[in-house]
Amino acid sequence: MTTARRQQINIEATPYYHCTSRCVRRAFLCGKDHYSGKSHEHRREWVESWLLKLNEVFCIDLVGYAVMSNHYHVILRINLDEVNALSDEQVIDRWSVIYKPDGLMSHYRCGGEVTHDERRVIDETLGRWRETLVSISRFMGYMNERIARQANEEDECKGRFWEGRFHSQALLDETALLQCMTYVDLNPIHAGIAQTPETSEYTSVKHRIDKRVSGKDDRLMAFFMPSRAQRGQSADMLPMTFDNYLELLDWTGRTARANKSGSIPSSCPDILSRLGFTGAHWMDSINAQTTWCSRALGAPEQLKAFSQAIGQHWLWRHRNASRLPTTP
């Protein structure tokens, strides 16, 4: 039975979610369509560009992404602190990027006088808009609608472009977050369309590497930096440095591919030990097929708490896991 999206996303359990959308038609989202012979490779840039643009509009941090031939992955973090810190004018400005505000809101934004009743309507509207700006459903809905319209117009056809609503997966702890990030960033390598992370086009890791080389802001959620942590900003950073993540990603990619026999970099064991994983356990989690289709990812006790929070009786941990009871 289908579960309502509002029951699958619980900010009190975790702000991190892994979302995927898959194309419904044989015609590819991106790449070369073997049936028609047409190349849709340029659509990868559509997806990446809109993800980065919506990242600036919504109060939702973009953690990672990968644009594949007929689907894409995205890892998002709901940022309540950011939306609560926005002024009324900033909320209207962000909303105006993707939606057209009505006359009353435009009048208010320009500093016009409003009556008591109009002010009440404005406050109610701004409250709804703030909720929208931290809504993963609205983020993904706008994203998918935009791409579908562009693709249908280019293909000169009508109808459904995506196979259904997007799939979401809660990431309940730091280990689950890092597992999912490596899984997403290594998608092109596992699919055989790239050999290394730095050549994996239209992925978050490639985007981060390119921006780091050029010295520009990558506009994605930042990795841990000691200098920023000293200023009390560690809560808004990913749980390791970017260099350590690259080492972990490279080791995971080498080990996951059957035709490679690379050794573990010297710095990686400390990372895995801190996370409480052995190399075998880490790779088992990465390779488990159903792990990435489950509703949540995390330690057993956190899965149990999350399932209670969303009113579910069980959640799958990985392909060999048993049910996790949520009732005595």
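The values are calculated or read from the model by the stated rules, or taken from the named source; none is laboratory data. In this text, all values refer to a predicted model and were calculated from it rather than measured experimentally. Cβ: placed from backbone, ideal geometry, glycine included. Neighbour counts: every protein chain shown.
Hey, among the residues in the stretch 36-75 that are free of Cβ contacts under 8 Å to residues at least 60 places away in the same chain and in a helix (DSSP H, G or I), which one's surrounded by the most Cβ atoms within 10 Å (Cβ to Cβ)?
Of everything passing the filter in the stretch 36-75, Lys53 is surrounded by the most Cβ atoms within 10 Å (Cβ to Cβ).
Checking the conditions here, which among Asn144, Asn152 is modelled with pLDDT under 90 and touching a Phe, Trp or Tyr at 6+ places or on another chain (Cβ under 7 Å)?
Asn152
What number of residues in the stretch 10-33 are surrounded by 16 or more Cβ atoms within 10 Å (Cβ to Cβ) and modelled with pLDDT of 80 or more?
Count: 11.
Restricting to the stretch 133-145, give me the number of residues that are within 20 Å of Thr14 (Cβ to Cβ), crowded, with 18+ Cβ neighbours inside 10 Å and out of contact with any Cys (no Cβ under 8 Å at 6 or more places or on another chain).
Residues that pass the stated criteria total 2.
From Ile78, Ile122, grab the single residue that is surrounded by 17 or more Cβ atoms within 10 Å (Cβ to Cβ) and more than 24 Å from the chain's Cα centre (by Cα).
Ile122
What residue, of Arg120, Arg212, Arg128, Arg149, is touching a residue at least 24 places away in the same chain (Cβ under 8 Å) and of a type in the set (D, E, K, R)? Break it down into steps so the answer makes sense when it comes.
Working: Arg120 fails: touching a residue at least 24 places away in the same chain (Cβ under 8 Å); Arg128 fails: touching a residue at least 24 places away in the same chain (Cβ under 8 Å); Arg149 fails: touching a residue at least 24 places away in the same chain (Cβ under 8 Å).
Among Arg120, Arg212, Arg128, Arg149, only Arg212 is touching a residue at least 24 places away in the same chain (Cβ under 8 Å) and of a type in the set (D, E, K, R).
Can you confirm whether the stretch 151-165 contains a residue that is among the aliphatic types (A, V, I, L, M) and part of a helix (DSSP H, G or I)?
Yes.
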